[in-house]
Amino acid sequence: MDILDSLQKLGFSQTESKIYLSLLKIKEATAVTISKHTELHRRTIYDNLNLLHRKGLINKVQRKGINYFQATNPKALNFLMQDKLDLSNKIMPSLTQKFEENKKTPNISVYAGIQGTKAILEDLTKTSSTMYWVGGSYKFGELLKYSKGFVEEKFKKLNIKAVQADDKKVKELQRFIKKENLRTLPKEFLSNVGYAVCDNKTAIGILGYDEMTTILIESKDVAKAFKNYFKALWLMGK
């Protein structure tokens, strides 16, 4: 193991690392001696000795007006790292809060074509949360009929609650949606546009004659709004 390289990975500069390793070897030395041992400029030596002293990795002893430097027990390095970890843990709640605040801005992606929709389905099956689905079912089935097995396989892994327009094809959904989780609205609600929401993800599907465009929005606020729309439609359904 390259100790010099390892010390740098722990956050020490190359100069600090060289001085510290030099003092571990020669036990005690003046800045002049350290400069000769490390081949570093004396001004650089003094600056970095002060840094190491503040970190608790070296001691300074004065004899007859001359400063001598000694490396402390290497276990002091563990204490230094622990202090950094403690500080990191202390500020973590504030950092996390700022990170979550940034996530309030919706992340919007647009998927063109059926493959994009299949990718979204694949992603949704990784959750155990309920997926709320409104509209578009009859067109959705037609567009994905060539990959019907794929769709049914993914849908069976999901806990789905759906509100769909009353149409003869809506009964086909009962192959992968429990009867009590499916409600219908009058045929006037038939549409080429539908949406599904799960966790903080909302997928809005726009279904054309032979293609599909899906807008995926990742936002807690947007997901909450669409879930509320679903609840209102669910109460209207039968």
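Select from segment 166-210 the residues that are in contact with a Ser or Thr (Cβ under 9 Å, 6 or more places away or on another chain), under 21 Å from T130 (Cβ atoms) and at pLDDT below 80 and write down the one among them that is surrounded by the fewest Cβ atoms within 10 Å (Cβ to Cβ).
E172
All but one of (1) in the same structural domain as K224 (by TED's automatic domain parsing); (2) farther than 15 Å from K201 by Cα; (3) modelled with pLDDT of 80 or more; (4) not β-branched (V, I, T) hold for D86; which doesn't?
Of (1) in the same structural domain as K224 (by TED's automatic domain parsing); (2) farther than 15 Å from K201 by Cα; (3) modelled with pLDDT of 80 or more; (4) not β-branched (V, I, T), only one is false for D86: (1).
Of the residues L51, L21, which is within 19 Å of M81 (Cβ to Cβ) and modelled with pLDDT of 85 or more?
Of the residues listed, the single one that is within 19 Å of M81 (Cβ to Cβ) and modelled with pLDDT of 85 or more is L51.
Look through I108, I91 and report the one residue that is within 30 Å of A223 (Cα to Cα) and in a strand (DSSP E or B).
Of the residues listed, the single one that is within 30 Å of A223 (Cα to Cα) and in a strand (DSSP E or B) is I108.
Scan A71, A31 and give me the residue that is assigned by TED's automatic domain parsing to the domain that holds L7, of a type outside the set (K, R) and either in contact (Cβ under 8 Å) with a residue 40 or more places away in the chain or under 22 Å from S6 (Cβ atoms) (or both).
The conditions single out A71.
Assuming E122 fulfils every condition listed in (1) over 30 Å from Q8 (Cβ atoms); (2) assigned by TED's automatic domain parsing to the domain that holds Y20 apart from one, which condition is it?
For E122, the failing item is (2).
Restricting the search to segment 1-15, which residues are assigned to a helix (DSSP H, G or I) and under 18 Å from D83 (Cα atoms)?
Once the filter is applied, which keeps residues that are assigned to a helix (DSSP H, G or I) and under 18 Å from D83 (Cα atoms), segment 1-15 yields L7, Q8, K9.
Let me confirm something: among S6, S17, S13, which residue is among the hydroxyl-bearing types (S, T, Y) and either touching a Cys at 6+ places or on another chain (Cβ under 6 Å) or surrounded by 15 or more Cβ atoms within 10 Å (Cβ to Cβ) (or both)?
S17
I need a count of the residues in segment 224-238 that are at pLDDT 90 or above and touching a strand residue (DSSP E or B) at 6+ places or on another chain (Cβ under 8 Å).
3
The values are calculated or read from the model by the stated rules, or taken from the named source; none is laboratory data. In this text, all values refer to a predicted model and were calculated from it rather than measured experimentally. Glycine gets a Cβ as well: all are built from the backbone with ideal geometry, and neighbour counts include every protein chain shown.
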